[in-house]
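The values are calculated or read from the model by the stated rules, or taken from the named source; none is laboratory data. It should be emphasised that the depicted structure is a prediction, and the values quoted were computed from it without experimental measurement. All Cβ positions, glycine included, derive from the backbone under ideal geometry; neighbour counts span all protein chains shown. These area figures cover heavy atoms from the full protein model, side chains too; ligands, DNA and RNA do not enter into them. Shrake-Rupley method; radii C 1.70, N 1.55, O 1.52, S 1.80 Å.
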Amino acid sequence: MKDLFDLRRDFALKTFAEQEATADPLALFELWLNEAIQVKALEPNAMTLSTATTDGKPSSRVVLLKQVKGGFVFFTNYDSRKGQQIAENNHCALNFVWHELERQVRIEGIAEKLSEEESDSYFEIRPEKSKLGAWASPQSKVIPDREYLEKLVVDYEQKFKGKEIHRPTNWGGYIVTPNLIEFWQGRKNRLHDRIQYTLNNDNSWKIERLAP
């Protein structure tokens, strides 16, 4: 394997000054996300979601952001590991990275379930195969082999043949309401720009620069 100590890259695409920080960090996030989409970043809405058990044992995985509306919305199986951990401890963290722009955004906040109506609305517009997958997959559970999963899909295809595929009750959305958002812009010589927003008690945001 190549010596990892030799893997180095200097960042010089952009800068990020305090004057560019909008009063609302969600507005700035949407601006950065749109820029990532415009440059055709790979999976621009992919985010690492970190959750933890009540005793602090962490777990991370990549999920897809589906909406920004006062928070960050994603959908999943409520019985999955992340769903179980959120039920026990709804403090979580998100991380976006856009290598094409030499940027990342780090978020801390509280996860809560969306309403059943909101989850239904999104489920209705999903592709049919994705709907069947939501029914078939016992997410995060041990299964004997791939064939077992594929048979479950076939079984549900038969069950819903000619019928509407409605949302399973153990599948739906969460919204992560942020209390901290950090915007990171890569700079030369590892002297990166880091601007942090922290939510105040009056719901205003304190904006500070962090050392790289």
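Residue pairs whose Cβ atoms lie under 7 Å apart, sitting 6 or more positions apart in sequence or on different chains, and linking a residue in segment 124-145 that is closer than 18 Å to Val63 by Cα to a partner that is hydrophobic (A, V, I, L, M, F, W, C) and part of a loop (DSSP other than H, G, I, E, B), are Lys131/Ile165. Test Thr15 against the criterion of being in a loop (DSSP other than H, G, I, E, B), open to solvent by 70 Å² or more (accessible area, probe 1.4 Å) and within 23 Å of Lys188 (Cα to Cα), and give yes or no. Criteria met by Thr15. Among the residues of segment 134-150, those identified as out of contact with any Asp or Glu (no Cβ under 7 Å at 6 or more places or on another chain) and surrounded by 12 or more Cβ atoms within 10 Å (Cβ to Cβ) are Ala134, Trp135, Ala136, Ser137, Pro138, Ser140, Leu149. Of the residues making up segment 190-205, just one is more than 22 Å from the chain's Cα centre (by Cα) and within 15 Å of Gln19 (Cα to Cα), namely Asp193. Set side by side, the residues Lys57, Lys82, Lys66 differ, and just one is over 16 Å from the mean Cα position of the chain (by Cα), within 30 Å of Ala136 (Cβ to Cβ) and modelled with pLDDT of 95 or more, which is Lys57. Checked against the criterion of being touching a residue at least 40 places away in the same chain (Cβ under 8 Å) and under 19 Å from Phe16 (Cα atoms), segment 62-84 contains not a single residue that satisfies it.
Return the total of residues in segment 98-133 being closer than 30 Å to Pro212 by Cβ, hydrophobic (A, V, I, L, M, F, W, C) and open to solvent by 70 Å² or more (accessible area, probe 1.4 Å). Walk me through it before giving the result.
Of segment 98-133, the ones closer than 30 Å to Pro212 by Cβ are 98-111.
If we keep only those that are hydrophobic (A, V, I, L, M, F, W, C) too, we end up with 98, 101, 105, 107, 110-111.
Remaining after also requiring open to solvent by 70 Å² or more (accessible area, probe 1.4 Å): none.
Final tally of qualifying residues: 0.
Say whether the condition of being assigned to a strand (DSSP E or B) and β-branched (Val, Ile, Thr) is met by at least one residue in segment 36-51. Break it down stepwise before answering.
Going through segment 36-51, the residues assigned to a strand (DSSP E or B) turn out to be 46-51.
Restricting the remaining residues to those that are β-branched (Val, Ile, Thr) gives 48, 51.
Among the residues of segment 36-51, at least one is assigned to a strand (DSSP E or B) and β-branched (Val, Ile, Thr), which makes the answer yes.
Has segment 23-38 got any residue that is aromatic (Phe, Trp, Tyr), surrounded by 12 or more Cβ atoms within 10 Å (Cβ to Cβ) and touching a Leu at 6+ places or on another chain (Cβ under 8 Å)? Yes - at least one qualifying residue is present in segment 23-38.
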